[in-house]
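Here, each number is a calculation from the coordinates, and none is a lab measurement. Here the structure is a predicted model, which means the values were calculated and not measured. Neighbour counts run over all protein chains shown; Cβ positions are idealised from the backbone, glycine included.
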Amino acid sequence: MQGAEAIKAQKPDTKIGFVGAHAAVLPTETLKASPAIDWVGRKEFDYTCKEVSEGRDLSTINGLSYKDKDGKIKHNAERELIHDMDVLPWVRTFTGATWTSRNISTAICNIPT
């Protein structure tokens, strides 16, 4: 949490999202935990993270909980289960290595607004 808040303090336009077991089960509580958290990817978050990183309107992304421009928490429809793990998207390249959201535990990305 402190890392997210430090980033927001330096670059307030940075969009910060959380994924993982805690965020998936308690999306509202996760979003309320800090004003620095903009969105939470729930359950099948791989394509959710990809779509956020593409700059899509948060209100159109399934599997996402987020704060709207007024700070109100919104929950979009759930995303379908991924049955074939071989089709997972390549989300981002970090330091020359490409990672999917399934093989990293933590990453902070500057998401376009």
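Take every DSSP beta bridge with both residues inside the stretch 2-99 and express the antiparallel ones as a percent of the total, to the nearest 5. Antiparallel: roughly 75 percent of the beta bridges in the stretch 2-99.
Taking the average, over residues, of other Cβ atoms within 10 Å as the packing measure, peptides 66-79, 4-17, 34-47 rank 34-47, 4-17, 66-79 from highest down. Taking only the C-alpha atoms of the stretch 2-99, the Rg (one decimal) and the largest Cα-Cα distance, Dmax (whole number), read 13.6, 40 Å. On full extension, the segment bounded by Ala6 and Asp86 gains 25.2 nm, given 0.36 nm per residue less the C-alpha separation. Mind counting lysine pairs for me in the stretch 2-99? Cα separation below 17 Å, and the two need to be 8 or more apart along the chain or on different chains. The result is 14.
How many angstrom lie between the Cα centre of the stretch 10-40 and the Cα centre of the stretch 45-74? Centre-to-centre (Cα) distance: 11 Å.
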